[in-house]
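See structure below.
We did not get these values from a lab; they are worked out from the coordinates using the rules stated. The structure presented is a predicted model; accordingly, all values stated were derived computationally and were not measured. Note that each Cβ is placed from the backbone with ideal geometry, even for glycine, and that neighbours are counted across all protein chains shown.
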Amino acid sequence: DTAVSQTPKYLVTQMGNDKSIKCEQNLGHDTMYWYKQDSKKFLKIMFSYNNKELIINETVPNRFSPKSPDKAHLNLHINSLELGDSAVYFCASSPTSGGAYEQYFGPGTRLTVT
Amino acid sequence: AQKVTQAQTEISVVEKEDVTLDCVYETRDTTYYLFWYKQPPSGELVFLIRRNSFDEQNEISGRYSWNFQKSTSSFNFTITASQVVDSAVYFCALSEPNNAGNMLTFGGGTRLMVKP
């Protein structure tokens, strides 16, 4: 059974479009995250979501919005896609917030904006 | 502000060589957590180890070992008798429990290439 899953695995779209990436975890974890990995492999946190509390990295454009229908799901919606949004997006989860626990990552979604 | 530096961007070794990946971190907190993750060519991120700031004991797991030294703010990772399957990008990361959101700060990664 996959612990953290993401769909789709690949997403190719044109500038200006709106797209969503879905994430689900079956680990019973309380906290979920979205990370962005750029072409140089640099990983950066975008959001943390715990118990309906959203913590946003201030450098993330407001075109990006996470949506959590329940504890097991954290989807990422992106409006008005730009070329610079091309990256691999990773969803992750941990038992709780507080930093003490490792985060388990999904397989990633490679987004290409043309 | 927290920061993680992996000065080695790329390392190439021949199979069976030992290799050490360096990680230096910065934090103002006295309580923090350090992690290593592996990203093989297939792209997923695999958790390797977690260390808290109060536990400076070195850890060994098979061919992997980790050396945590608070005095130099370093958390280095050694692979003994490297194998081709160890080829991957390795990330060191830091988490502070007091930071909002429990976010991991990653280093830039070290690409390890193990040649047969």
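Values for this structure:
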{"read-out": "Within 10 Å of each Cβ in B:29-41, the average number of Cβ atoms from other chains", "value": "2"}
{"read-out": "Surface/4 estimate of mean projected area, convex hull on alpha-carbon atoms of the stretch A:1-93, nm²", "value": "5.9"}
{"read-out": "For q = 0.11, 0.12 Å⁻¹, Debye-computed log10 I/I(0) when each Cα of the protein assembly as shown counts as one equal scatterer", "value": "-0.56, -0.66"}
{"read-out": "For the stretch A:5-11, 3J(HN,Hα) per residue [Karplus equation, 6.51 cos²θ - 1.76 cosθ + 1.60, θ = phi - 60°, Hz, x = Gly/Pro]", "value": "10, 9, 9, x, 7, 10, 9"}
{"read-out": "Residues of type lysines that B:Lys16 reaches as a straight line, Cα spacing below 25 Å, ignoring anything fewer than 8 places off in the same chain", "value": "B:Lys38, B:Lys115"}
{"read-out": "Most to least packed among B:29-41, A:51-63 [average Cβ atoms within 10 Å]", "value": "B:29-41, A:51-63"}
{"read-out": "B:Val85/A:Asn26 FRET efficiency (R0 22 Å; Cβ-Cβ; nearest 0.05)", "value": "0.20"}
{"read-out": "Spatially proximal lysines relative to A:Lys71 (Cα-Cα < 23 Å; intrachain offsets below 8 disregarded)", "value": "A:Lys9, A:Lys19, A:Lys22, A:Lys36, A:Lys44, A:Lys52"}
{"read-out": "Three-way shape call for chain B based on the alpha-carbon gyration tensor, with the a/c threshold at 1.5", "value": "prolate"}
{"read-out": "Cα centroid separation - the stretch A:78-112 against the stretch B:62-99, whole Å", "value": "22"}
{"read-out": "Shielding by partners, peptide B:103-114 (average Cβ within 10 angstrom, other chains)", "value": "4"}
